[in-house]
Amino acid sequence: MPLEASIDIGSNVRAVLESIEQATLRAGRPPNSVRLVAVSKTVGVEAIQQAVAAGVTDLGENRVQEALAKTSQLAGEAVAVHLIGPLQKNKVNRAVQIFASIETLDDLELAAKLDRACERLGKQMPVLVQVNVGQEHTKSGIVADQAKEFVHQAAAFRHLSIRGLMAIPPYSEDPEDIRPYFSQVRRLAGHLAEQRFDNVSMTELSMGMSHDFVVAIEEGATRVRIGTAIFGSRV
Ligand SMILES: *Cc1c(COP(=O)(O)O)cnc(C)c1O
């Protein structure tokens, strides 16, 4: 029997939602100010349906093709799917059709293509700007120094609504090591909000994964992207 069969997705979801709520209250933040995005990359539709039945309302997928296949099978479910991986320019049209938001904007050419695709569909797309907070060469995202100029320029695309920032800080086993990165993202969002760019709000911070979401919530996350703690480890 595959290992996955022994995972109780429903109780994992309930435990994660409970931890999110407790961390939110402990941080003195309003209840329901943090949304769970269940990261369902590589996970099958049946497992996703179990998660939805247990209270998941938002999914994170990192590949357009995979998300497309799943969303057609999940058509009856009240669930929003967000793109949390890099978007290739030739997948923009499909991405605009299926995603409720795109969390990984970090390229103006891509922004222009997204904007045109949204215009054609008559759609307004919520986006987050991905910041490369650890300045890692292997990771996507805008470095903090360039974020202001980037957001200023991306704000010109009228069919995109810039709602905040997304970050994947450098990994560390100890979530406390990651705290300074999370707080750096929050401060950057505050700084960008002060610019009062037209068409830009900085109300969403997507940060925190299975092993560090509690710290991310303490530092202001409004969306946490959690895969392993719900669906088990990916093979
Ligand atoms: C896979 C992934 C996650 C989820 O990570 P877990 O450690 O499994 O919770 C979160 N964010 C992004 C961008 C991912 O690619």
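For ILE7, the test of being in contact with a Gly (Cβ under 7 Å, 6 or more places away or on another chain) and either open to solvent by 50 Å² or more (accessible area, probe 1.4 Å) or farther than 22 Å from ALA221 by Cβ (or both) is passed. Within the stretch 33-58, the set of residues being outside any strand (DSSP E or B) and within 18 Å of MET207 (Cβ to Cβ) comprises SER33, VAL34, LYS41. Can you give me the number of residues within the stretch 188-235 that are open to solvent by 40 Å² or more (accessible area, probe 1.4 Å), within 14 Å of the ligand (Cβ to nearest atom), in a loop (DSSP other than H, G, I, E, B) and among the polar types (S, T, N, Q)? The number of residues fulfilling the criteria is 1.
Count, please, the residues in the stretch 22-62 that happen to be open to solvent by 80 Å² or more (accessible area, probe 1.4 Å) and within 18 Å of the chain's Cα centre (by Cα).
Summing the residues that are open to solvent by 80 Å² or more (accessible area, probe 1.4 Å) and within 18 Å of the chain's Cα centre (by Cα) in the stretch 22-62 gives 3.
Note on the stretch 79-125: residues that are away from the ligand (no atom under 15 Å from the Cβ), surrounded by 18 or more Cβ atoms within 10 Å (Cβ to Cβ) and in a strand (DSSP E or B) amount to 1. The set of residues in the stretch 151-187 being out of contact with any strand residue (DSSP E or B) (no Cβ under 8 Å at 6 or more places or on another chain), in a helix (DSSP H, G or I) and either of a type outside the set (S, T, N, Q) or open to solvent by 30 Å² or more (accessible area, probe 1.4 Å) (or both) consists of HIS152, GLN153, PRO175, GLU176, ASP177, ILE178, ARG179, PRO180, GLN184, ARG187.
The values are calculated or read from the model by the stated rules, or taken from the named source; none is laboratory data. Keep in mind the model is a prediction, meaning the values are calculated, not measured. Glycine gets a Cβ as well: all are built from the backbone with ideal geometry, and neighbour counts include every protein chain shown. All accessible areas refer to the heavy atoms of the entire protein, side chains included, with ligands and DNA or RNA removed. Shrake-Rupley method; radii C 1.70, N 1.55, O 1.52, S 1.80 Å.
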